[in-house]
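Worksheet for the structure shown next.
The numbers here are math on the coordinates, done by the rules we state, and not lab data. Just so you know, these numbers come straight off a predicted model, no measurement behind them. Here the Cβ is made from the backbone with ideal geometry for all residues, glycine too, and neighbour counts use every protein chain on show.
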Amino acid sequence: MKTLKSGKVVQASTKAIAYTEAPQAPAEFIKQRLRWYRGNFQALWKHRDAAFNIRYGFLQRLAFPFLVISMIFTPFAGMVTLFSAGMAIANGMGMLLIPVFLYFVLLQFLFSVLSVELDNEDKKLALYTPFFIFGYKQLCDFTVLKGLFDVLFRKGLKWTNVKRVGAKVSKSAVS
């Protein structure tokens, strides 16, 4: 955000290679994501002046609103949707949810197929799509909201570490 506020451009490279290590356990995954989300919320707060200052151009018109919507509105909407679905099931209207659920699974499946195709990955990965719609999405929404409340109430803001288990990559292996 600081770079965009200064009028510079942030550009990605399609040829960049990055090595990362995914957390091995759910608790480690949650710790990692909490660290990320807390940092994102702290950055949003630090640069909140970008929300209304037209001098910041792209950041003010597109990037900042996108971050706010994706990090605050979307998780709350997901939790409301989950609660509403639970109420519908409790009131005997669960069968009405099946077509909606299948629609979202199909839509996410198509996005997954596109992503897998673009990255030349195993196409069987797209078969995990239902777990993204129901399970992973709710876990991420919960973690985002926890991170938001942690920052708002200044709770648990110390730096955390994720347990590393993989081997280190030497510079010669990257070249």
- Query: Extension gain A16-A77, at 0.36 nm per residue separation less the Cα-Cα distance, in nm?
  - Reply: 18.5 nm
- Between F52 and K163, 0.36 nm times their residue separation minus their Cα-Cα distance comes to what? 36.0 nm
- Residue-ordered couplings for segment 110-123, obtained by feeding phi - 60° into the Karplus form 6.51 cos²θ - 1.76 cosθ + 1.60 and rounding to whole Hz (Gly and Pro as x), are 5, 5, 5, 4, 4, 4, 5, 5, 5, 9, 6, 9, 5, 5
- Task: Determine the dipole magnitude for the chain: charges of +1 sit on the beta-carbon of Lys and Arg, -1 on that of Asp and Glu, nothing else is charged, the reference point is the Cα centre, and the result goes in debye to the nearest 20.
- Result: 1000 debye
- Task: Rank Q60, I17, S6 by how far each Cα sits towards the positive end of the charge dipole of segment 1-160 (+1 on Lys, Arg Cβ; -1 on Asp, Glu Cβ) and give me just the farthest.
- Result: S6
- Ordered by fewest other Cβ atoms within 10 Å, a rough proxy for footprinting exposure, W45, W36 read W45, W36
- Message: If amide hydrogens are placed 1.01 Å from N in the peptide plane, which non-local residues have theirs closer than 5 Å to the one on G57?
- Response: none
- In whole Å, what three semi-axes, largest first, describe the equivalent ellipsoid of the chain built from its Cα gyration tensor (square root of 5 times each eigenvalue)? 30, 25, 20
- Message: Set the bar at 20 Å for Cα to Cα. Now go through K8/K158; K2/K46; K31/K146; K31/K137; K46/K155 and name every pair that lies beyond it.
- Response: K8/K158
- Query: Among T129, T14, T81, which one moves the most in a GNM of the chain with springs linking Cα atoms closer than 10 Å?
  - Reply: T14
- Message: Could you work out [θ]222 nm for the chain from helices alone, using -39500 (n - 2.57) per DSSP H run of at least four and dividing by all its residues? Round to the nearest 500 deg cm²/dmol.
- Response: -16000 deg cm²/dmol
- Within segment 120-159, DSSP-loop trypsin sites (Lys or Arg not before Pro) with at most 15 other C-beta atoms within 10 Å are R154, K155, K158
- Item | Extension gain from A25 to F142, taking 0.36 nm per residue of separation minus the Cα-Cα distance | 40.4 nm
- Task: Find out how many positive minus negative residues lie around E28, taking Lys and Arg as positive, Asp and Glu as negative, among other residues whose Cβ is under 12 Å from that of E28.
- Result: +4
